[in-house]
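Report on one structure; see the data block that follows.
The values are calculated or read from the model by the stated rules, or taken from the named source; none is laboratory data. Not measured: the values here are computed from a predicted model. A quick note on method: Cβ atoms are made from the backbone with ideal geometry, for glycine too, and the neighbour counts reach across all protein chains shown. Surface accessibility is based on the protein's heavy atoms, side chains included, excluding ligands, DNA and RNA. Shrake-Rupley method; radii C 1.70, N 1.55, O 1.52, S 1.80 Å.
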Amino acid sequence: MKKTIIFIVGLMCLGLMATPVFAQRVDAQGAIGGSIPGRPGWFKFERNVIISYGSIRIHSDYAEVNNATNDFEARGNLRIRLQNGGIITGKTLRNDPRNNVMIVDQDVIFTDRDSTKLFTDRMIYNRQTEVSTYHTGGKIITADSTVLTSRIGHIHSKTNAFHGKTDVVIESPDYLIHTDTMQMIGDVIYFFSATHVWSDSNYLYCEKGWYNSKEKIASLTDNAFIQTPDNKLFADSIYYEMDTDFGEAFNNVTAIDSANDIIIHSDFALSNRQQGDAWFTKNAVAIVISDGDSLYLRGDTLRIAYDTSTNEVIHMLAYYDVLFFRHDMQGASDSMAYVMVDSMLTMFGNPIVWSHNDQLTGDTIQILMTDNNSRPQRMYLQNKAFITSKGYHEGHFNQVKGWKIIGFFNDSAELETIRVFENVETVYFVTDDADSSLIGILKVNANEMEITLEEQVVISINYLDPEDGSMFPDAELPLEDRYLRGFLWQVNRRPMSKFDIWPDAPRSLFEELQLLQQREFD
């Protein structure tokens, strides 16, 4: 007797273990019912069939039910009310109690409790997780008329989340998204593969990130890219608010401003276009495109101010260890301001400019460019102005010093006239035009002077109110008297190519920027 009881209890335990946790008793009723011949334990019901399965209620025209195993099938005017309030309609239903799923086929429509609708050919509903899944393609329409289509999808009724995979398209009145793998929770869409987002005036791309469709805010990583009507932005990651046009970009940032012909690269960028402000920091490099000769500019920080009504650049500021390169001119300073409206470039903090064979310094240097930035027109050296030119012979440097110097450039961006004002001092190595032999060393002080050049060669020197001056034979002028006070030849600071403005940068960076320049502006 004791062994019999143990055997019965053992069978009961095995039965409990084999029964799914969420399996519940099936109760069915219909206008017509009866057993099914050849299928022990199975009963059929017809007309106005109602099946109660836990908290799920099923209506159909026909059903076959096994009360012992909780297996059942239903078809005809199928309507399923779920425990969470959702409604499923379709042509056929099969319940799989062992896996806690119900499979609905043909013209399936699932209406969730928040009025979200799913249309598919086959849907699998998990009673335990309340997740609805399709693998043969489906379309979801949310309460705000957003339409989602994908090959594979999962709707999580408990969390109001949706997972889509393979050929995912999300379309709303405000945006269009194409991706391969995504998750939507409320208003936030998360991306896990190559993703394209289009709106009225923006295009976004990333391979990982999220987009808040209500706030119109995006966070993009992995080959992040944003395009607006006038700008393109590449970076490792981007945060962007569409309505305010505010954004931050991190690492390997490249911005292309096609409206103002500027390309900028840095490791961090912050832009608030509604306020007309943009910052680029950490080894920022800018290319100001022009038809004649593009300007390559580098500094620790670049700041650009925009006219918010026209989106045109008002000025560009560069801070700390600034270097720039053009083929016709190069420069270095602690900081620099480039006012686009006036075409005026101003350099502060130990500024220095090199133009062909000339080195120009002063407390402040201003360069007036042509309207299209194709070449310099005039240069102003303010306070302690100094021009040094390397002569024909080693160690010979022609020097001009004054309180203020103005240089005028010709159409070839070469100095053609130099005017010097107040406390003028000069040292000039006079050479024979025929054989370039040294004739003597001219030293003159004056109130003003003017130098005329042609193809970088001095043609004439005119002094106004000269105070004193002498021509010295080479042997009679001591070495220390051949240099004006403040003379310093700084050729080691001069960038000889665009690569020299950032020597530590990989050459491939400039090659990529040049390719961008050719693609976007040529």
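Computed quantities for the displayed model
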read-out: Residues residue 512 and residue 321, FRET efficiency given R0 of 25 Å [Cβ-Cβ distance, rounded to 0.05]; value: 0.65
read-out: Volume per residue of the C-alpha convex hull in the range 341-429, rounded to whole Å³; value: 93
read-out: Relative contact order (percent, whole number), the range 116-162, Cα cutoff 8 Å, 6+ residue spacing; value: 34
read-out: Trypsin sites (Lys or Arg not before Pro), loop per DSSP, at most 11 other Cβ atoms within 10 Å - longest free stretch of the chain; value: 215-484
read-out: Zone of residue 521's modelled label, taken as backbone nitrogen in the range 249-286 under 18 Å from a point 7 Å along Cα→Cβ; value: 253-266, 280, 284-286
read-out: Exposure of residue 361 as accessible area (Å², to 10), given a probe of 1.4 Å and all protein chains; value: 30
read-out: Computed magnitude of the charge dipole of the range 161-278 (debye, nearest 20; Cβ of K, R +1, Cβ of D, E -1); value: 240
read-out: Segment residue 145-residue 214, extension gain: residue separation times 0.36 nm, minus the distance between their alpha carbons; value: 23.5 nm
read-out: Part-to-part distance (alpha-carbon centres) for the range 292-370 and the range 442-503, which is given in Å; value: 24
read-out: Accessible-area composition of the chain, carbon plus sulfur, in percent [1.4 Å probe]; value: 49
read-out: With eigenvalues of the C-alpha gyration tensor scaled by 5 and rooted, the range 154-267, Å; value: 27, 14, 12
read-out: Equivalent ellipsoid dimensions for the chain as semi-axes, Å, which come from the Cα gyration tensor, largest first; value: 85, 21, 15
read-out: Candidates per GluC sites (Glu not before Pro) in the range 409-445, loop by DSSP, up to 15 other Cβ within 10 Å; value: none
read-out: Fully extended contour minus Cα-Cα distance, from residue 382 to residue 57, at 0.36 nm per residue; value: 108.1 nm
read-out: Surface accessible to a 1.4 Å probe, per residue, for the residues of the chain, Å²; value: 49
read-out: Label zone at residue 119, where the point sits 7 Å out along the Cα-to-Cβ direction: the range 132-152 residues whose backbone N lies under 14 Å; value: 137-142, 145-150
read-out: Cα Rg, Dmax (largest Cα-Cα span) when computed across the range 29-135, Å; value: 13.4, 44
read-out: Residue 79 versus residue 98: modelled label distance in nm, points set 7 Å from Cα along the beta carbon direction; value: 3.3
read-out: Length-normalised contact order for the chain - Cα pairs under 8 Å, 6+ apart - percent; value: 5
